[in-house]
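Enquirer: Here it is: the structure, laid out below.
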Amino acid sequence: MSFKRKFNTLIRKSDNSICEFSNDNGIELYIYDKNKEPICKKRLVTGINGFSNSFFNIDSNDSIYGIVSSKDNPLLYFYISSKFIYKSELLKSSNSIEKITFPYIKKIGDKIHIFYYLVDVTQVDRGKLIHYYYDGSNWNKSQIDNIEYFILSNFVVTFKEDVPTIFYLNSTKGHEEVFISNFNKDNLSWNHPVQVTNTHKTKVYLSVVEVPQNTYHIVFSEKNNDKYYCTYYSGQLKNNSFIKKDYFIIQDTIACEFPHILRIKNELYIQWIEFSELFTTFSKDNGFTWSKPNFFTNDSDNSVIRYDYKSNFIRDKNNDICNIYSYEDIFSILGISSNPILLTN
């Protein structure tokens, strides 16, 4: 298999039509009908490359929206309906040494949540984790935490109704650990961050699935003797502390990249890339045991890329899928036995 280091966004509407955002050459939007036949292509932004500069989502009415961090206009807002594309400047900073990266947006009714890292470009290992909240009338800005890092990695946001919880990596005692913080909607502030892991090992990449009773399944790539292992961690948040359930290495080879965890029906799947090859393991008992990692055999000449995935399609409603590996332009989840949710009608 040939993994192409390409990270696009795939959004599936309720009628099974698809929008794909590519960031190879600026940001381009490709629209496909429900049979995956191309309809049109539109360029949204020029001069922006890289998956850490944009984020797109879908609302309950199948309208697509997103935010883009650019050099000249730090944060642009896009709203994409079936008839038009609307663009506006959402946030502009006069501080030339600050950079917004990993922007995130979620709209719930008339409420809006925006998250991002604010990085001081003069300090290569420090930043701030910022939250903007629009309550339907006013905007409120808060700082969740000060961040120190070796490699700046993504954060993960989960929601219970309209209240967010955020997971992120932060350095403590010289190593990145996972932290969690909850938003208090009553006083518009964030609870003091709770340290989730305490393994004293450097971590990169982060993926989280939430199940009932504040239980979380977490995956990251963790450094062990100059190798990065695919690592699973789970537990429960209780009384402002995180109670560990499981912590073990999924595969102890050399270089786990871009791991993510999925919940499909009642099964959990972990996928990652290792030397351009896709591996998958699954659990049928809520993470208590995991299958032997399976190597995906690519019998085609198609390259595999990674997608940030959002969906309103009815067959996806009971699944928790934020990322997938797929052939470019074919749109199916690779590495999952029998492809239980092929992106077809």
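None of the figures in this text is laboratory data; all of them are computed from the coordinates on show. Predicted, not measured: the structure shown is a model, and the values here were computed from it. FYI the Cβ positions are ideal-geometry reconstructions off the backbone, even for glycines, and counts take in every protein chain you see.
Enquirer: Using 24 Å as the Cα-Cα cut-off, could you pick out the over-long pairs in 6/203; 42/160; 203/245?
Expert: Exceeds cut-off: 42/160.
Enquirer: Would you mind calculating the relative contact order of the stretch 35-143 from Cα pairs under 8 angstrom and at least 6 residues apart, reporting the percent as a whole number?
Expert: For the stretch 35-143, the relative contact order is 17 percent.
Enquirer: Could you pull the Rg and Dmax for the stretch 114-201, using just the Cα atoms, both in Å?
Expert: Just the Cα atoms of the stretch 114-201 yield Rg and Dmax of 13.5, 43 Å.
Enquirer: Output the peptides 287-293, 37-43 sorted from most to least packed, where packing is the average of other Cβ atoms within 10 Å over each peptide's residues.
Expert: 287-293, 37-43
Enquirer: By residue number, which cysteines of the chain lack any other Cys whose Cβ falls under 4.7 Å from their Cβ?
Expert: Singleton cysteines: 19, 40, 322.
Enquirer: Rounding to the nearest 20 debye, state how big the charge dipole of the chain is about its Cα centre with +1 on each Lys and Arg Cβ and -1 on each Asp and Glu Cβ.
Expert: The dipole of the chain has a size of about 360 debye.
Enquirer: Right, another one. Starting from the eigenvalues of the Cα gyration tensor, five times each then square-rooted, give me the equivalent ellipsoid semi-axes of the chain, largest first, whole Å.
Expert: So the three semi-axes of the chain are 28, 27, 20 Å.
Enquirer: Kindly work out what percent of the DSSP beta bridges joining two residues of the chain are antiparallel, to the nearest 5.
Expert: Of the beta bridges lying entirely in the chain, close to 95 percent run antiparallel.
Enquirer: Quick one: check the C-alpha center-to-center distance for the stretch 1-67 versus the stretch 122-146, whole angstrom.
Expert: 26
Enquirer: Quick check: net charge around residue 120, other residues with Cβ under 12 Å of its Cβ, Lys/Arg +1 and Asp/Glu -1?
Expert: For residues surrounding residue 120, the net value is 0.
Enquirer: Could you give each residue of the stretch 273-281 its phi-based ³J(HN,Hα) in whole Hz, using Karplus coefficients 6.51, -1.76, 1.60 with θ = phi - 60°, and x for Gly or Pro?
Expert: With the stated coefficients, the stretch 273-281 comes to 10, 9, 6, 6, 10, 9, 10, 9, 10 Hz.
Enquirer: Going Cα to Cα from residue 92, which aspartates and glutamates come in below 18 Å? Please leave out same-chain ones fewer than 8 positions away.
Expert: 72, 120
Enquirer: Mind ranking 147-159, 122-134 by how tightly packed they are, going by the mean number of other C-beta atoms within 10 angstrom, highest first?
Expert: 147-159, 122-134
Enquirer: Give the residue from 294, 305, 281 lying farthest towards the positive end of the charge dipole for the stretch 280-319; charges sit on Cβ (+1 for Lys and Arg, -1 for Asp and Glu) and the dipole is referred to the Cα centre.
Expert: Farthest towards the positive end: 281.
Enquirer: For a quick check: with amide H placed at 1.01 Å from N, whose amide H comes under 5 Å from residue 328's, ignoring anything fewer than 5 positions away on the same chain?
Expert: Under 5 Å from the amide H of residue 328: 303, 305.
Enquirer: Relative contact order for the chain using alpha-carbon pairs under 8 Å, separation at least 6, rounded to a whole percent?
Expert: 13
Enquirer: What net charge is computed for the residues neighbouring residue 204, neighbours being all others with C-beta under 9 Å from the C-beta of residue 204, Lys and Arg scored +1, Asp and Glu -1?
Expert: Net of charged neighbours comes to -1.
Enquirer: What pairs from 99/310; 107/185; 106/310; 13/185; 185/238 go past 22 Å between their alpha carbons?
Expert: Where the Cα-Cα span goes over 22 Å, the pairs concerned are 99/310; 13/185.
Enquirer: List the aspartates and glutamates whose alpha-carbon lies under 13 Å from that of residue 284, not counting same-chain residues fewer than 8 positions away?
Expert: In chain and number order, the partners are 267.
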